[in-house]
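What follows is a set of notes on a single structure, which appears directly below.
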Amino acid sequence: MVAAVQNGADAVYIGGRDFSARKQAANFEREELARAVEYAHVRDVRIYVTVNTLIADHEMEDALDFLRFLYNTGVDAVIVQDLGLIRLARRALPELELHASTQMTVHSSPAAEMLRETGLKRIVLAREMSLEEIKEVKAGSNVEVEVFVHGALCISYSGQCLMSSMIGGRSGNRGRCAQPCRLQYQLETAGGKALSSAAETGEYLLSPRDLNLAGYLPELIKAGIDSFKIEGRMKRPEYVATVIRIYRAVIDRTLAGRFYITDEEKNDLVQIFNRDFSTGYFFGRPGKDLMSYKRPNNRGVFLGRIKNYSNQKAQAEIKLEAPLRVGDGVEVWVSRGGRVGSEVHRILSPQGKEVQYAPTGESVKIEIKGDMRPGDRVFKTHDSLLVEKARSTYTSERETRKVPVFFSARAAVGKPLQITVTDPEGFIGEAVSGVAGEKAQKRPLDKAFMAKQLDRLGNTPYELGEVSCDIEGEVMVPVREINEVRRRAIERLSRNRYKAGQKQPVPEDVFRNRIQEALPMPASLKPAPSAPSLAVAVSDVPSLQAAVWAGADQIYFGGDGFRSGKRITVGNLEEAVNFCRSKGARLILSSPRIMHDSQLESFIPLWDKAISLPLDGLQVGNLGLLKLARQKGNLSILADFSLNVFNVQSFAFLLESGVSRVTLSPELTLRQVRGINLPAEALVHGAVPLMVSRYCALGGVLGGYGEKTACGGLCKNYKTRLRDRKGITFPVEMDSYCNMHIFNSRELCMVDNLEEVLDAGVTVLRIDARLRDAQATETIVKTYREALDRVLNNAYDPGFRDNAKNELARYSPQGFTRGHYFRGVI
């Protein structure tokens, strides 16, 4: 935090010990948070605290207490994800400024406008947005926007990733992401034919490069972006110091009308940490140029290649492509065996002389052990001089960041010395001496001497600006007294600067009364109980017909429009409506989970047709479409699980937003579902989507898809999957908007636990059959239809359960999972 402030950050976002999306970080205790606020506010820096995880019902009051603590401490804003926490915070702490986390997956103008209407002041937009799309959001919603400009990228839309959660129980939505995207994968066809190779393509097919937009700041400033965000959590302070220092300098130069970035600054950004760099999605889909296929961690700077290696001396000769110093860290990408790293303890010049430093172009020898060969690449992963430079900015008693202050001093014989210090914002600190001025015998006090003493501000956050003196006659004040009065005046200035950022505390009784009024859901909002029913999501008309014949009560039709099938047309919709009506089944138009502004626009014709037919509802999976659906009216709105309903308050938020039915988060346990105690929908069978990404692995790996090359629609020719290092495979589908969806290796199956699901309060059981053909869909739905009927008729015996599961197992060769219904997430 100090590194960020001292190197020029205008605001720093930090996390507490709970409710933070970086749960494994050290994070801040409450006392440390208070100290951080004081430290930052004295230096005119804002503090934002991340409370950007999903909140369980039993945690909600603790989360609200934490928000009150943050507000009373003087935190400038809180970054949130959970819809339920937002609902309660607006009621219990309306004074607290809220920002939407990138975990809220805001990627359209209507979504941003909806959150503004809810009371959020700023939106941290999805990293997948282009610069033109960001401009549209700024133009289409009266809200501040913040975007990431440097640091690590997630391969999935943030807030839409269940990969770590489903594979290992560590939920990214709960701040515990284990980053399985940084592990090794191979791309192959559904039949097992390899489409990528570790040697040629690389193994890290889901590992993005780091974002670096330092060279494009003028364009970002012109776009009207309010805040540039640098990802610095879980990073060393040296990294924070270096990156902030450079971005501060480039921004200031740009605002002064002389944009440039020096070669040294570019090199420092590379050296301090990089997985190679990318501009992300700001200038279009980057394809393979987004990815770091061969390395998921820091690359460093290319230092050269090994010319010769002596096993006997454990000594490598390298012709340097970059300078090298004793104390630097190097890593060799050896031909066999991966990586070998070492600190440089000795450097031998071409003359065999030991040196502390060697310049670019020189051939040197260093001691390093490993199985190395001529031609192996060497990288400098640690630059001791750069790191020391960075450390000096936050470890020195002399501050790097200074606020100019104006001093005025009054002195006269027989009167105490009075010093007033004023900052550029008008805050004042005053102090007077404990003794009166005396008649000077030799050297009377003058302005020059007074200015010299007032300039002794070394370990304070201030620097001397102007000085004015009102000195009457030949007066003498002891130097120690001048210094003491100056010190006390500065202390009072700092105290006043800090107090200015403090809010009027919300009293405990007022806060508790607000919570008690906000917590209960109004009876008028609660959905009416209904008989259990079976809903099925399908992607084509034959599967729809098969599901209805097999006993589905309602059908979700449309959705993401996976390219392995055919895109839903208006004609398909008419056919589906007529068939469902004839069989007494309800038909609901399903929508894509990700819909940028242009995609929302392209969806409208299908939507209008759904209204005219009419259908029985519209399923929405993002806030943008929810906002538009509420405006349009006409169709019943059903919320999909991608809206992350993890508690009863999120449920209430959506009901207040016009939703008639809610699908719960697949990260809930049945016990948590029971605690919500409202009629709800839940997924009980199918391939659970683990992530959705704007990146296409198939196009990047096989089609050379990059900034200048199109992929050629390869997904129409292949059904693909990813194979991990353990041999487990994950189905991959591309949707109609070229987003990649990765599904769990094992299908969710709750056919032998339907009693528990219904007892928890679930009234609509959903089967996701979008990856299935008509025959498989019919078998799965028929099995669940019989199971549900047996439960309702008390005929749900163990023999049937075993037979049912065995029947379904034919379609899931990698086995089944019960998801989180019994284990939960960390």
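The values are calculated or read from the model by the stated rules, or taken from the named source; none is laboratory data. In this text the structure is predicted, and so the values were computed from the model without any measurement. Note: ideal-geometry Cβ built from the backbone for every residue, glycine included; neighbour counts use all protein chains shown. The accessibility values were calculated without ligands, DNA or RNA, using every heavy atom of the protein model including side chains. Shrake-Rupley method; radii C 1.70, N 1.55, O 1.52, S 1.80 Å.
A quick yes/no check of all residues on (1) among the small types (Gly, Ala, Ser); (2) part of a helix (DSSP H, G or I); (3) within 21 Å of Thr50 (Cα to Cα):
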position: Lys229; (1), (2), (3): no, no, yes
position: Gly232; (1), (2), (3): yes, no, yes
position: Lys235; (1), (2), (3): no, no, yes
position: Thr242; (1), (2), (3): no, yes, no
position: Arg245; (1), (2), (3): no, yes, no
position: Arg248; (1), (2), (3): no, yes, no
position: Phe259; (1), (2), (3): no, no, no
position: Lys266; (1), (2), (3): no, yes, no
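Could you run through the range 588-633 and say how many residues are assigned to a helix (DSSP H, G or I), among the polar types (S, T, N, Q) and closer than 19 Å to Ser657 by Cβ? So that I can check it myself, show each step before the final result.
The first filter runs over the range 588-633 and keeps only residues assigned to a helix (DSSP H, G or I), leaving 597-612, 623-632.
Then keep just the ones that are among the polar types (S, T, N, Q); that gives 598-599, 602, 612, 631.
With the extra rule that they be closer than 19 Å to Ser657 by Cβ, the set shrinks to 631.
Total satisfying the criteria: 1.
Inspect all residues belonging to the range 252-259 and state whether any of them is at pLDDT 95 or above, touching a helix residue (DSSP H, G or I) at 6+ places or on another chain (Cβ under 7 Å) and of a type in the set (Phe, Trp, Tyr). Full working, then the answer.
Here is the first cut: in the range 252-259, the ones at pLDDT 95 or above are 252-259.
Okay, now just the ones that are also touching a helix residue (DSSP H, G or I) at 6+ places or on another chain (Cβ under 7 Å), so 254, 259.
Narrowing further to those that are of a type in the set (Phe, Trp, Tyr): 259.
Scanning the range 252-259 turns up at least one residue that is at pLDDT 95 or above, touching a helix residue (DSSP H, G or I) at 6+ places or on another chain (Cβ under 7 Å) and of a type in the set (Phe, Trp, Tyr).
Return the residues of the range 571-587 that are crowded, with 19+ Cβ neighbours inside 10 Å and either part of a helix (DSSP H, G or I) or in contact with a Ser or Thr (Cβ under 8 Å, 6 or more places away or on another chain) (or both); say none if nothing qualifies. It would help to see each step written out before you state the result.
First pass over the range 571-587, keeping only residues crowded, with 19+ Cβ neighbours inside 10 Å: 573, 576-577, 580, 585, 587.
Matches in the range 571-587: Leu573, Ala576, Val577, Cys580.
Which is surrounded by fewer than 20 Cβ atoms within 10 Å (Cβ to Cβ), of a type outside the set (Phe, Trp, Tyr) and more than 27 Å from the chain's Cα centre (by Cα), of Glu747, Glu756? Write out each step before concluding.
Numbers: Glu747 fails: surrounded by fewer than 20 Cβ atoms within 10 Å (Cβ to Cβ).
The unique qualifying residue is Glu756.
Would you confirm, using the coordinates I've provided, whether Ser108 is more than 19 Å from Glu231 (Cβ to Cβ), open to solvent by less than 20 Å² (accessible area, probe 1.4 Å) and modelled with pLDDT under 95? Even if it seems obvious, please write down each step before you answer.
Values: more than 19 Å from Glu231 (Cβ to Cβ): yes; open to solvent by less than 20 Å² (accessible area, probe 1.4 Å): yes; modelled with pLDDT under 95: no.
When the stated conditions are applied, Ser108 does not pass them.
Looking only at the range 17-35, count every residue that is more than 19 Å from Lys229 (Cα to Cα) and either modelled with pLDDT of 90 or more or open to solvent by less than 10 Å² (accessible area, probe 1.4 Å) (or both) and tell me the total. Working first, answer last.
First, the residues of the range 17-35 that are more than 19 Å from Lys229 (Cα to Cα): 17-19, 23-24, 26, 28-35.
Still in the list and also either modelled with pLDDT of 90 or more or open to solvent by less than 10 Å² (accessible area, probe 1.4 Å) (or both): 29-35.
Residues in the range 17-35 being more than 19 Å from Lys229 (Cα to Cα) and either modelled with pLDDT of 90 or more or open to solvent by less than 10 Å² (accessible area, probe 1.4 Å) (or both): 7 in total.
Collect the residues in the range 102-152 that are assigned to a loop (DSSP other than H, G, I, E, B) and in contact with a Leu (Cβ under 9 Å, 6 or more places away or on another chain), keeping them in residue-number order.
Within the range 102-152, the subset assigned to a loop (DSSP other than H, G, I, E, B) is 105-108, 119-121, 125-130, 141-143, 152.
Within the range 102-152, Thr105, Val106, His107, Ser108, Gly119, Leu120, Lys121, Arg127, Ser141, Val143, Ala152 qualify.
Ala4 versus (1) in contact with a strand residue (DSSP E or B) (Cβ under 7 Å, 6 or more places away or on another chain); (2) in a loop (DSSP other than H, G, I, E, B): which is the lone unmet condition?
(2)
Taking interchain pairs and intrachain pairs at least six residues apart, which have beta carbon atoms under 7 angstrom, with the first residue in the range 86-105 and over 20 Å from Gly159 (Cα atoms) and the second open to solvent by 10 Å² or more (accessible area, probe 1.4 Å) and among the basic types (Lys, Arg)?
Filtered contacts from the range 86-105: Arg91/Arg514; Ala92/Arg514; Leu93/Arg68; Glu95/Lys503; Glu97/Lys121.
Looking at Glu362, Glu354, which one is farther than 30 Å from Glu466 by Cβ and open to solvent by 80 Å² or more (accessible area, probe 1.4 Å)?
Values: Glu362 fails: open to solvent by 80 Å² or more (accessible area, probe 1.4 Å).
After applying the criteria, what remains is Glu354.
Evaluate the range 92-101: report whether one residue or more is open to solvent by 30 Å² or more (accessible area, probe 1.4 Å), on the phi < 0 side of the Ramachandran plot and in a helix (DSSP H, G or I).
No, the range 92-101 contains no residue that is open to solvent by 30 Å² or more (accessible area, probe 1.4 Å), on the phi < 0 side of the Ramachandran plot and in a helix (DSSP H, G or I).
Ser812 versus (1) at pLDDT 95 or above; (2) of a type in the set (Gly, Ala, Ser); (3) touching a strand residue (DSSP E or B) at 6+ places or on another chain (Cβ under 9 Å): which is the lone unmet condition?
(1)
Yes/no matrix, rows are residues, columns are (1) of a type in the set (Ser, Thr, Tyr); (2) surrounded by fewer than 16 Cβ atoms within 10 Å (Cβ to Cβ); (3) over 24 Å from Ala34 (Cβ atoms); (4) free of Cβ contacts under 8 Å to residues at least 60 places away in the same chain:
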site: Val479; (1), (2), (3), (4): no, yes, yes, yes
site: Lys503; (1), (2), (3), (4): no, yes, no, no
site: Val506; (1), (2), (3), (4): no, no, no, no
site: Asp509; (1), (2), (3), (4): no, yes, no, yes
site: Asn513; (1), (2), (3), (4): no, yes, yes, yes
site: Leu519; (1), (2), (3), (4): no, no, yes, no
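Given the options Leu655, Leu683, Leu638, Leu664, name the one that is within 24 Å of Asn52 (Cα to Cα), under 28 Å from the mean Cα position of the chain (by Cα), surrounded by 23 or more Cβ atoms within 10 Å (Cβ to Cβ) and at pLDDT 95 or above. Reasoning before the result, please.
Details: Leu655 fails: surrounded by 23 or more Cβ atoms within 10 Å (Cβ to Cβ); Leu683 fails: within 24 Å of Asn52 (Cα to Cα); Leu638 fails: within 24 Å of Asn52 (Cα to Cα).
Of the residues listed, the single one that is within 24 Å of Asn52 (Cα to Cα), under 28 Å from the mean Cα position of the chain (by Cα), surrounded by 23 or more Cβ atoms within 10 Å (Cβ to Cβ) and at pLDDT 95 or above is Leu664.
Mind checking which residues of the range 159-182 are assigned to a loop (DSSP other than H, G, I, E, B), buried (at least 24 other Cβ atoms within 10 Å of the Cβ), small (Gly, Ala, Ser) and out of contact with any Phe, Trp or Tyr (no Cβ under 8 Å at 6 or more places or on another chain)?
Result: Ser171, single match.
When the range 170-228 is examined, which residues are found to be basic (Lys, Arg) and in contact with a strand residue (DSSP E or B) (Cβ under 6 Å, 6 or more places away or on another chain)? Before you say what the answer is, go through the steps one by one.
Of the residues in the range 170-228, the ones basic (Lys, Arg) are 170, 174, 176, 182, 193, 209, 222.
Arg209 - this is the single residue of the range 170-228 that is basic (Lys, Arg) and in contact with a strand residue (DSSP E or B) (Cβ under 6 Å, 6 or more places away or on another chain).
Do you know which residues across the range 789-817 are within 38 Å of the chain's Cα centre (by Cα), part of a loop (DSSP other than H, G, I, E, B) and surrounded by 16 or more Cβ atoms within 10 Å (Cβ to Cβ)?
We begin by selecting, within the range 789-817, every residue within 38 Å of the chain's Cα centre (by Cα); these are 808-809, 811-817.
Restricting the remaining residues to those that are part of a loop (DSSP other than H, G, I, E, B) gives 811-815.
Scanning the range 789-817 gives Tyr811, Ser812.
Quick check on my filter: what residues within the range 116-142 are open to solvent by less than 10 Å² (accessible area, probe 1.4 Å), over 30 Å from Tyr204 (Cβ atoms) and of a type in the set (A, V, I, L, M)?
Hits for the range 116-142 are Leu120, Ile123, Val137.
Taking the stated definitions as given, is Asn717 farther than 15 Å from Gly686 by Cβ, open to solvent by 30 Å² or more (accessible area, probe 1.4 Å) and either without any contact (Cβ under 8 Å) to a residue 12 or more places away in the chain or polar (S, T, N, Q) (or both)? Break it down into steps so the answer makes sense when it comes.
Numbers: farther than 15 Å from Gly686 by Cβ: yes; open to solvent by 30 Å² or more (accessible area, probe 1.4 Å): yes; either without any contact (Cβ under 8 Å) to a residue 12 or more places away in the chain or polar (S, T, N, Q) (or both): yes.
Spelling it out, Asn717 is indeed farther than 15 Å from Gly686 by Cβ, open to solvent by 30 Å² or more (accessible area, probe 1.4 Å) and either without any contact (Cβ under 8 Å) to a residue 12 or more places away in the chain or polar (S, T, N, Q) (or both).
Which residues, counting only those in the range 365-383, are open to solvent by less than 30 Å² (accessible area, probe 1.4 Å) and of a type in the set (Lys, Arg)?
The answer is Lys380, and nothing else.
Here are some residues: Ile555, Ile594, Ile568. Which one is buried (at least 20 other Cβ atoms within 10 Å of the Cβ) and more than 21 Å from Gly624 (Cβ to Cβ)? Write out each step before concluding.
On the way: Ile594 fails: more than 21 Å from Gly624 (Cβ to Cβ); Ile568 fails: more than 21 Å from Gly624 (Cβ to Cβ).
Result of the check over Ile555, Ile594, Ile568: Ile555.
Among (1) within 28 Å of Lys121 (Cβ to Cβ); (2) under 17 Å from the mean Cα position of the chain (by Cα); (3) at pLDDT 95 or above; (4) open to solvent by 20 Å² or more (accessible area, probe 1.4 Å), where does Lys229 come up short?
Of the numbered conditions (1) within 28 Å of Lys121 (Cβ to Cβ); (2) under 17 Å from the mean Cα position of the chain (by Cα); (3) at pLDDT 95 or above; (4) open to solvent by 20 Å² or more (accessible area, probe 1.4 Å), the odd one out for Lys229 is (4).
Of the residues in the range 1-50, how many are more than 26 Å from Ile246 (Cα to Cα) and touching a Ser or Thr at 6+ places or on another chain (Cβ under 7 Å)?
The qualifying residues number 5.
Looking at the range 538-551, which of the residues that are of a type in the set (A, V, I, L, M) and open to solvent by less than 10 Å² (accessible area, probe 1.4 Å) is nearest to Leu683 (Cα to Cα)? Even if it seems obvious, please write down each step before you answer.
Filtering the range 538-551 down to residues of a type in the set (A, V, I, L, M) leaves 538, 541, 544, 546-548, 550.
The next check asks that each one be open to solvent by less than 10 Å² (accessible area, probe 1.4 Å); those that pass are 538, 544, 546-547.
On the way: Val538: 14, Leu544: 18, Ala546: 19, Ala547: 16 Å.
Taking the candidates together, the pick is Val538.
Kindly indicate the residue of the range 232-251 that is surrounded by 17 or more Cβ atoms within 10 Å (Cβ to Cβ) and among the charged types (D, E, K, R) and also modelled with the lowest pLDDT among those meeting that condition.
Arg233
Could you grab me the full set of residues in the range 183-211 that are of a type outside the set (Gly, Ala, Ser) and in a loop (DSSP other than H, G, I, E, B)?
So the first thing to find is which residues in the range 183-211 are of a type outside the set (Gly, Ala, Ser), and the list is 183-189, 193, 195, 200-201, 203-206, 208-211.
Selection gives Leu183, Gln184, Lys193, Leu195, Glu200, Thr201, Glu203, Tyr204, Leu205, Leu206, Arg209.
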